[in-house]
Amino acid sequence: MADEKSIKRRSKVNAQASAPAAVRRADATRIPGSSVHASLANEIGLRIVRGDYPPGTILPNEAKWSETFNVSRSAVREAIKMLMAKSLLASRPKIGSWVEPKERWNLLDRDVLAWYATAPDREMFLRTVQEFRHIIEPEASAFAAMRRSDEQMVEISQACREMGEATRLQDRTRADTRFHLAILRASGNDLLVPLGVLIESALDHLFVFVTRETSDQRRAQALHEAIEKNIRLQRPDAARSAVRRLLANTDDVIGRSRR
């Protein structure tokens, strides 16, 4: 009986092994990660933002995406839903999905910002981030000088110190981002806190670019230290002016990169 059972088991295994596998395209793009639909949304979203599919373009149907990326149709449907929630796409039965006009995109969405940051038109992205900073950061720093707590000041000062001590680009830019987000939190305005978190990815990309382009890191550090000092000493007007000097310096760096 034992031999008979062993023979049956071996036969079953051999039958499964010899069963024809699902036919797959040899050149199909494979989507990595445990969340297939999220990875697929990331790939399609990046293609949209960088201009592969201009606004108004009717996208391939579920079957085509499924074949292209070697994923299930349900994964495609979930990915399309994610992109619709970010206002990149709209969809109707019998028509399919199409790319929405850029002004409808949710550019404060973390993913959309990350795709926007890697799009070919880097100069436009940098200018857009800088304009946002000019609108928000000077007044946020003035409010932080008036309202910051001791704990928040420690966070700002530590990030500033870590910027100066960093020996790697990645460490410096991360500290730079933490510095500016800490100031937004210290401003005491509840609307600025989630806004700061949302643009974190954009700031990271901007600071990486600026740090690479800036030869005088000591000047950049001194500009940050002036902001930290005036917030610490609770001088709102001086803090506002210090931020404007830093932003002007960043504008110059971006401007020089175009020449």
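Tabulated values for the structure
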{"read-out": "Yes/no for Asp176 being modelled with pLDDT of 80 or more and in a helix (DSSP H, G or I)", "value": "yes"}
{"read-out": "Unmet requirement for Arg25, which otherwise passes all of (1) of a type in the set (D, E, K, R); (2) at pLDDT below 90; (3) under 24 Å from Leu107 (Cβ atoms)", "value": "(3)"}
{"read-out": "Every pair of residues 6+ apart whose Cβ atoms lie under 7 Å, when the first sits in the range 164-179 and is acidic (Asp, Glu) while the second is surrounded by 18 or more Cβ atoms within 10 Å (Cβ to Cβ) and in a helix (DSSP H, G or I)", "value": "Asp176/Met163; Asp176/Phe207"}
{"read-out": "Number of the exception - Pro55 against (1) over 30 Å from Val208 (Cβ atoms); (2) outside any helix (DSSP H, G or I); (3) open to solvent by 60 Å² or more (accessible area, probe 1.4 Å)", "value": "(1)"}
{"read-out": "Looking only at the range 58-98, and only at residues there that are in a helix (DSSP H, G or I) and of a type in the set (Val, Ile, Thr), the one that is least open to solvent (accessible area, probe 1.4 Å)", "value": "Val76"}
{"read-out": "Residues located in the range 153-192, provided they are within 17 Å of Ser141 (Cβ to Cβ) and hydroxyl-bearing (Ser, Thr, Tyr)", "value": "Ser157, Thr177, Ser187"}
{"read-out": "Per-region count, the range 121-143, residues under 15 Å from Ile227 (Cβ atoms) and crowded, with 16+ Cβ neighbours inside 10 Å", "value": "9"}
{"read-out": "Some residue of the range 201-210 being open to solvent by 60 Å² or more (accessible area, probe 1.4 Å) and of a type in the set (D, E, K, R)", "value": "no"}
{"read-out": "Conditions (1) at pLDDT 85 or above; (2) in a helix (DSSP H, G or I); (3) more than 25 Å from Gln217 (Cα to Cα): number failed by Leu195", "value": "(1)"}
{"read-out": "Residue check, Val154 open to solvent by 10 Å² or more (accessible area, probe 1.4 Å) and under 18 Å from the mean Cα position of the chain (by Cα)", "value": "no"}
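The values are calculated or read from the model by the stated rules, or taken from the named source; none is laboratory data. It should be emphasised that the depicted structure is a prediction, and the values quoted were computed from it without experimental measurement. Backbone-built Cβ (ideal geometry, glycine too); neighbour counts: all protein chains shown. Side chains are part of the model used for accessible areas, which takes the heavy atoms of the whole protein and leaves out ligands, DNA and RNA. Shrake-Rupley method; radii C 1.70, N 1.55, O 1.52, S 1.80 Å.
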